[in-house]
Amino acid sequence: MNTIKKFLVTVALIATVALATIVIADTLYRLYFPNTGTIITPELQAYLDGTPLANGTTIDWEDCEPGSTYYFENFTVVNTGDTTLNVTLEVVGLPSGWQLQWQGNGTTLAPSEQVGGWLNLTIPSDATSWPSWGFYIKGEGA
């Protein structure tokens, strides 16, 4: 009987310590810090001579002669997102000797700001056919 009594006392002691630990842990002071934030959405809209361009729109330079430079007077980009962006021109597939330049290249735009300027295409004098090429206007966080 003595062994059973010791066992029950030990179980009661363990239960009391466990309950006391739970009560103490529950009464400890805790600080809570709620968090908030905004997911930034970089967005750009391009216009060619005032006409909005959807992503993937083909730009027609029409008939071009070798050794000449052609331009659109106003290629405009508007930052329609909610974060400041550095706007750059990235040309893909344009052969050596050909050159595309945009006056607004490298401009930093805050939300709702815009940059416009000429878009020039220079064709080398030895050009014999129109290459398959394109360009991106990239907006990267400034």
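The values are calculated or read from the model by the stated rules, or taken from the named source; none is laboratory data. This is a predicted model, so every value here is computed, not measured. Note that each Cβ is placed from the backbone with ideal geometry, even for glycine, and that neighbours are counted across all protein chains shown.
Quick grid of which residues meet (1) in contact with an Asp or Glu (Cβ under 9 Å, 6 or more places away or on another chain); (2) under 28 Å from Asp126 (Cα atoms):
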| position | (1), (2) |
| --- | --- |
| Ile59 | no, yes |
| Asp63 | no, yes |
| Tyr70 | yes, yes |
| Glu73 | yes, yes |
| Val77 | no, no |
| Asn86 | yes, no |
| Val92 | no, yes |
| Gln99 | no, yes |
| Thr107 | yes, no |
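In segment 33-60, the qualifying residues are those that are assigned to a loop (DSSP other than H, G, I, E, B) and among the β-branched types (Val, Ile, Thr), and the one that is surrounded by the fewest Cβ atoms within 10 Å (Cβ to Cβ) is Thr36. Filtered by the rule that a residue be more than 21 Å from the chain's Cα centre (by Cα), among the polar types (S, T, N, Q) and modelled with pLDDT of 80 or more, segment 11-56 gives Thr16, Asn35, Thr51.
Would a scan of segment 68-77 turn up a residue that is modelled with pLDDT of 95 or more and hydrophobic (A, V, I, L, M, F, W, C)? Checking segment 68-77: at least one residue is modelled with pLDDT of 95 or more and hydrophobic (A, V, I, L, M, F, W, C).
Residues in segment 61-84: is at least one closer than 14 Å to Phe135 by Cα, assigned to a strand (DSSP E or B), within 28 Å of the chain's Cα centre (by Cα) and in contact (Cβ under 8 Å) with a residue 60 or more places away in the chain? Scanning segment 61-84, I find at least one residue that is closer than 14 Å to Phe135 by Cα, assigned to a strand (DSSP E or B), within 28 Å of the chain's Cα centre (by Cα) and in contact (Cβ under 8 Å) with a residue 60 or more places away in the chain, so the answer is yes.
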